[in-house]
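Enquirer: What follows is a structure written as structure tokens; I'll ask about it next.
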Amino acid sequence: MSATVPIRNQVSETVPVRYQVGERVRVRHAVSGGHLRTPHYCRGHTGVIERVCGRFPNPEELAFGHSGLPSLPLYRVRFRSRELWPDYQESENDMIEIEIFQHWLEADHG
Amino acid sequence: MTHHLYFSLIEFMAQTGKDQQSKAPSAPNPSLLPGQWPDPYRGPHDMGGLAAGPVDTGDHALEEWEKRCWAINGLLRDPARGAAIGRANEALSGLDESRRHAEELGDRYRALAYGERAMHALARMLINRGVLTADEITARMEAHR
């Protein structure tokens, strides 16, 4: 998978893609001293990697006027709506997808 | 207050490029949302899942000054503007950076109208980068009072 990921920036260092499509991941809680972009409602919840979107400059660095390089893998993570919203009344098959950078995720072995 | 800030930044833009402000902005329309914000790791922008009351789905036409707020922000992302004030090849604004400064407004984030928020974030960003000093901005705001 990682070999096919497009690289948007010319940097010597390439951050490896850590998660593969179908892998279960958990959104980490407040792990950032800076510009955390994970929506509050998905933190601590588990979902499945739907796709690897590519590598993009780190928004936590861009937010302070830096280059954001090396770029970090970005994933589209698929959550069950009922996982995020316990009182969700619609179909249990409903999903929500959120794009989340690699450093805001951790493997879910549970 | 925001209008004075707006005028002072418009003047700054006139210095870095060709933009001139044409007419006075109309009164802002601040809207405050009720409710507590207990989690220190939740930004004021991060509202997903919170009770927000009825949602106004009507068209939100931007005032002329609000459009100009965003135009200024966009132009400051052009590195050619930086060169005009001796900051060659430096974009003076960035999307993630302007979001950070807006979100760091804290309670003011929700107290300010959309365009006002953008101007306050922009002022903080220019001060942070050493492009303008707070005193310079304040002096120009006073001049428009």
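The values are calculated or read from the model by the stated rules, or taken from the named source; none is laboratory data. Everything quoted here is computed from the prediction, not taken from an experiment. Heads up, the Cβs are rebuilt from the backbone with ideal geometry, glycines too, and the neighbour counts pull from every protein chain shown. Calculation scope for accessible area: heavy atoms of the full protein, side chains included, ligands and nucleic acids excluded. Shrake-Rupley method; radii C 1.70, N 1.55, O 1.52, S 1.80 Å.
Enquirer: With an 8 Å cut-off on Cα pairs and a minimum separation of 6 or more residues, tell me the relative contact order of the range B:82-145 in percent.
Expert: Details: 35 pairs, mean separation 17.0, N = 64.
Reported as a whole number, the value is 27 percent.
Enquirer: From the phi of every residue in the range A:96-108, what ³J(HN,Hα) in whole Hz does the Karplus formula 6.51 cos²θ - 1.76 cosθ + 1.60 yield, where θ is phi - 60° and glycine or proline is x?
Expert: 10, 10, 10, 8, 9, 6, 4, 6, 9, 10, 9, 5, 10
Enquirer: Continuing with this model, one more query. Skipping prolines and chain starts, which residues have an amide H placed within reach, meaning under 5 Å, of the one on A:Glu99, given they are 5 or more residues away or on another chain?
Expert: A:Val77
Enquirer: Using the Karplus curve 6.51 cos²θ - 1.76 cosθ + 1.60 with θ = phi - 60°, what ³J(HN,Hα) values do you get for each residue of the range A:69-86, in whole Hz, with x for Gly and Pro?
Expert: For the range A:69-86, the Karplus curve yields 9, x, 5, 10, x, 10, 10, 9, 10, 9, 10, 6, 4, 6, 5, 7, 10, x Hz.
Enquirer: Amide H neighbours of A:Leu72 under 5 Å, at least 5 residues apart or on other chains, H built in the peptide plane: list them.
Expert: A:Phe56, A:Asn58
Enquirer: Still on this structure: Run the quick spin-label model on B:Asp78 and A:Ala107: label points 7 Å from Cα toward the beta carbon, then report their separation in nm to one decimal.
Expert: 4.9
Enquirer: Whole-Hz ³J(HN,Hα) for each residue in the range B:133-145, computed from phi via Karplus 6.51 cos²θ - 1.76 cosθ + 1.60 with θ = phi - 60°, x for glycine and proline: what do you get?
Expert: 9, 4, 4, 4, 5, 4, 4, 5, 5, 4, 5, 8, 5
Enquirer: To one decimal place, what orientation-averaged projected area in nm² is obtained for the convex hull of the Cα set of the range B:73-113? Kindly include the intermediate steps, with their values, before the conclusion.
Expert: On the way: hull surface 13.1 nm².
Quarter of the Cα hull surface area: 3.3 nm².
Enquirer: Additional query: Counting only C-alpha contacts under 8 Å and six or more residues apart, can you give the relative contact order of the range A:2-107 as a whole percent?
Expert: Details: 192 pairs, mean separation 31.7, N = 106.
About 30 percent, as a whole number.
Enquirer: In addition: Evaluate 2.2 N^0.38 Å with N set to the residue count of the range A:2-107, then give the Cα radius of gyration divided by it.
Expert: Numbers: Rg = 14.6 Å, N = 106, 2.2 N^0.38 = 12.9 Å.
Normalised Rg, Cα atoms only: 1.13.
Enquirer: Let me ask something else about it. With a 1.4 Å probe on protein heavy atoms only, work out how much accessible surface A and B bury together, total over both chains, in Å² to the nearest 100.
Expert: Details: alone 6620 and 8660 Å², together 14150 Å².
Approximately 1100 Å², summed over both chains.
Enquirer: Mind giving me the FRET efficiency for B:Asn89 and B:Ala143? R0 is 35 Å, r the Cβ-Cβ distance, nearest 0.05 is fine. Before the final figure, lay out the partial values.
Expert: Values: r = 31 Å, r/R0 = 0.90.
The formula returns an efficiency of 0.65 here.
Enquirer: Do any GluC sites (Glu not before Pro) in the range A:26-110 lie in a DSSP loop with no more than 12 other beta carbon atoms within 10 Å, and if so, which? Don't skip to the answer; put the middle values down first.
Expert: Numbers: sites: A:Glu50, A:Glu60, A:Glu61, A:Glu83, A:Glu90, A:Glu92, A:Glu97, A:Glu99, A:Glu106; in loops: A:Glu90, A:Glu92.
Sparse-neighbourhood loop GluC sites (Glu not before Pro): A:Glu90, A:Glu92.
Enquirer: In nm, to one decimal, how far is the modelled label at B:Thr57 from the one at B:Asp135, with both set 7 Å along Cα→Cβ?
Expert: Roughly 5.4 nm, to one decimal.
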